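Written below as structure tokens is the structure these notes are about.
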Amino acid sequence: MKRLHSLIRTSPLTLLELQATHSAAIKLGHIADLYTANNIISGYVKCRELSLAHQLFDEMPHPDTVSWNTVISGYVNSGDIHSSWEVLRAMRRCGLAFDGHTFGSILKGVAGARELEIGLQLHAVMLKVACSENVFSGSALLDMYAKCGRVDDAYAVFRCMPERNYVSWNALVSGYSQIGDRDMAFWVLESMEMEGVWIDDGTISPLLTLLDEVEFYRLAMQLHCKIVKHGLELFNTVCNAMITAYSECGSLLDAKRVFDGSLVCRDLVTWNSMLATYLMHDKEDLAFKIFIDMQKFGFEPDIYTYTGVVSACSAPEHKSHGKSFHGLVIKRGLENSIPVSNALIAMYLKLNNRCMDDALKIFFSMDLIDCCSWNTILAGYSEVGLNEDALSLFVQMRSLVIEIDHYTFSSVIRSCSDFATLQLGQQVHALALKVGFDTNKYVGSSLIFMYSKCGVIEDARRSFEATSKDNAILWNSIIFGYAQHGQGNVALELFLLMRERKVKPDHITFVAVLTACSHNGLLEEGCNFIESMESDFGITPRMEHYACAIDLYGRAGHLEEAKALVETMPFEPDAMVLKTLLGACRMCGDIEFASHVAKRLLALEPEEHCTYVLLSDMYGRLKMWNEKASVTRLMRERRVKKVPGSSWIEVKNKVHAFNAEDHSHPQCNEIYVVLQQLKEGIKVSAPLFGTNGAVRNSTNDFLSL
């Protein structure tokens, strides 16, 4: 018997060894021994052979509490909470007493499966059998409530526990961290220290997930000091969370220092965290280097690695990298991974319109297509202007009963915005109301944008008022809406209201505010915003802010200030800034500087027709016909074609589209008669306005279309 017990206690046993031990126990007649049988059941559970474990359990004449607990634990660890619940009910029917391990095991499964109803029933049973005060089962109950989002109930259990251990405290910290209650989570940490409870990696890791803004950088540093003080810096869960926290607090340098100091405890998650950090800070080249280095250190990239590194290839300059990674994905057999396929689709869609076929090829080759895949293609159609295809895809998603979420609605409403089809947008809005997504921040933002673009700013405001108004995305959309509608003062009032509501503005907010100032001639206000962005709000001006500022100066006739701003930029101007500067030259009539800017633009984007058109238009205004002809000749040589202007209008639920000099519409004759009448009316009215030539120039622009 002793020999058999020593054999059973040897761990870990392979399945073959365990079956041999089981056979020996039967042959020697020791299988009826409760200790022996329980150990063999435990071995089968550890080998994940639950059917064999349950078969032996059923053959036991008198299983004890340990036997039942082992089977329950086995089902819990395999993720089968409902089978473990049935075993527990059978245990109760047999009249066996539950102990702390019984409740601890099944509550662990309930917490993992988020089965709150079962958890509530277990709590009632625990109260009935006076087991809720046991520290093991009490901690498991607390953890169950916390993971099911019922943190107030978790705290109530915590307060009633006569004895608490570090597991109880950590479960409470994790619960408050999960719901984003930063103040309570750190209060629990402070209470732990006052009670003399030892802090471990399970305490610190959840707290680090709450440090996700620049304003929490000092708090991240303080927590880092505490980590070093308690000797936790080499726990890889803490190290990984620390890298992410520093990254989200805006400190790439500190994240890199933590990574460099983690040489002895790095795992795959550590490498993925550093790769994600470089991507967050737009350091794609360093992300590619990390991808190579991790393999040199013997770490095989997983789907998270490939998802991250593929997303880094969205910029045109990394297009060749994207193709290479696509090939590597196929070589490693990950082409059927849904997250990787979705990342590849998104990458191709962001590169340019010509890669749409590559994205669709991946989409249609996928064996399993999830909601994210459909949404990625839908968003891609919207981004490249294939709005009819986007709307058709949305109809197809509904007919196939594909799950439609807030990202779906956001994309399809954007397509309605680009079409400026109010009635169709209203129908999608009604559907969003029906399924309860209308107050979602992304859907709400898209609705505001759609109504603004369709010219119904009142409905845009109503959509804004229906939301929680607690997110910068929503405020940005409504500020943009009023800016585009020429109501700059209302846009600035909304910005002040946003600050009163304690909603933190982001870099897009300032693009919206500067646009409002630019479009409404608010030069002084715009200059104040440019100067206060970094000092008052901690937002470093980006390329798009400089473009807005140049546009502001250009519209106000201050070309010299616009030139000076470009010269003092901390980085080289991109095409967007140069186009804005060229537009400013056009408004101020500086043909010499415009020619200089145009040359730089044509070197950057030789195939972009807008630059040629703007320059040609300026030469035409100044009657510089030779120069105008040379621009036209250059376009012809480079095979650049002017994209004709287009417009459309929705009448009686039907969209009527028009191109420049278009004669295809069935009511073409009547339309051109009215257009001629409008031209003549403008010619008569133009001399009545001012002497600065602004209206005359606008009239000439209109007549030249």
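Which order do the peptides 129-140, 290-301, 654-665 take when ranked by the mean count of other beta-carbon atoms within 10 Å per residue, highest first?
Numbers: 129-140: 19.7, 290-301: 13.8, 654-665: 12.0.
In decreasing order of mean packing, 129-140, 290-301, 654-665 become 129-140, 290-301, 654-665.
Taking 0.36 nm per intervening residue step and subtracting the Cα-Cα distance, what contour gain separates residue 96 from residue 625 on full extension?
Details: separation 529, 0.36 × 529 = 190.44 nm, distance 10.07 nm.
So the extension gain works out to 180.4 nm.
Using a Förster distance of 41 Å, how high is the FRET efficiency between residue 371 and residue 190, based on the Cβ-Cβ distance and rounded to 0.05?
Working: r = 41 Å, r/R0 = 1.01.
The pair residue 371/residue 190 has a calculated efficiency of 0.50.
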So, relative contact order of the chain in percent, Cα under 8 Å, 6 or more apart, is 4 percent
Taking only DSSP H segments of four or more residues, each worth -39500 (n - 2.57), what value at 222 nm results for the chain once the sum is divided by all its residues, to the nearest 500 deg cm²/dmol? -22000 deg cm²/dmol
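Solvent-accessible area per residue for region 365-417 at a 1.4 Å probe radius, Å²?
Values: 2410 Å² over 53 residues.
That works out to 46 Å² for each residue.
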Candidate lysines for bridging to residue 128, where Cα separation is under 22 Å - those fewer than 8 sequence places away on the same chain excluded: 108
At 1.4 Å probe size, what's the solvent-accessible area of residue 559? Round to the nearest 10 Å². 10 Å²
Could you order peptides 588-598, 497-507 by the average number of other Cβ atoms within 10 Å of their residues, highest first? 588-598, 497-507
Kindly point out which whole DSSP H helices in the chain project their C-alpha atoms 15 angstrom or further along the helix axis while averaging a Kyte-Doolittle hydropathy of 0.5 or above. 15-28, 100-113, 116-128, 135-147, 268-280, 338-351, 422-435, 472-484, 488-500, 507-519, 575-588, 591-604
Considering only 585, 253, 103, whose Cα is most displaced toward the positive end of the charge dipole of the chain, charges sitting on Cβ of Lys, Arg (+1) and Asp, Glu (-1)? 585
Where the only charges are on Cβ atoms (+1 Lys, Arg; -1 Asp, Glu), what is the dipole of region 432-509 about its Cα centre, to the nearest 20 debye? 160 debye
May I ask which residue of 205, 118, 326 lies farthest towards the positive end of the charge dipole of the chain, with charges of +1 (Lys, Arg) and -1 (Asp, Glu) on Cβ and the Cα centre as origin? 326
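If packing is taken as the average number of other Cβ atoms within 10 Å across a peptide's residues, how do 360-367, 256-263, 372-379 rank, most packed first? If you can, show how the numbers build up before the last one.
Values: 360-367: 14.1, 256-263: 16.8, 372-379: 23.0.
Descending mean neighbour count gives 372-379, 256-263, 360-367.
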With the crude spin-label approximation of a point 7 Å out along Cα→Cβ, what separation in nm comes out for residue 534 versus residue 571? 1.3 nm
Candidate lysines - alpha carbon under 29 Å from residue 502, same-chain residues fewer than 8 apart omitted: 441, 453, 469
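So what is the accessible area of region 1-148 per residue, in Å², with the probe set to 1.4 Å?
Dividing the accessible area of region 1-148 by its residue count gives 52 Å².
Are any of the pairs 319/504; 289/319; 579/623 more than 24 Å apart by Cα-Cα distance, and if so, which? Write out the running numbers ahead of the final one.
Details: 319/504 35 Å; 289/319 17 Å; 579/623 22 Å.
Pairs exceeding the cut-off: 319/504.
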12 Å beta-carbon shell around residue 406, net charge (K/R +1, D/E -1): -2
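Tell me, rounded to the nearest percent, the portion of alpha carbon pairs in the chain spaced more than 46 Å apart.
Numbers: 92693 of 248160 pairs.
Above the 46 Å cut-off, the chain has 37 percent of its Cα pairs.
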Could you list log10 I(q)/I(0) for region 287-375 at q = 0.12, 0.16, 0.19, 0.22 Å⁻¹, which the Debye formula gives when each Cα is one point scatterer? -0.33, -0.59, -0.82, -1.08
Given +1 on the Cβ of Lys and Arg, -1 on the Cβ of Asp and Glu, and no further charges, what dipole in debye does the chain carry about its Cα centre, rounded to the nearest 20? 1100 debye
If each part is reduced to its alpha-carbon centroid, region 216-291 and region 480-533 end up apart, in Å, by 36 Å
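What percentage of the solvent-accessible surface of region 48-162, computed with a 1.4 Å probe over protein heavy atoms, is contributed by carbon and sulfur atoms? Numbers along the way, then the final one.
Numbers: 2800 of 5530 Å².
Exposed carbon and sulfur together represent 51 percent of the surface.
The values are calculated or read from the model by the stated rules, or taken from the named source; none is laboratory data. Note that the coordinates shown come from a computational prediction; the quantities given were computed from them, not determined experimentally. Backbone-built Cβ (ideal geometry, glycine too); neighbour counts: all protein chains shown. To get the accessible areas, we keep the full protein, side chains included, count just its heavy atoms, and leave off ligands, DNA and RNA. Shrake-Rupley method; radii C 1.70, N 1.55, O 1.52, S 1.80 Å.
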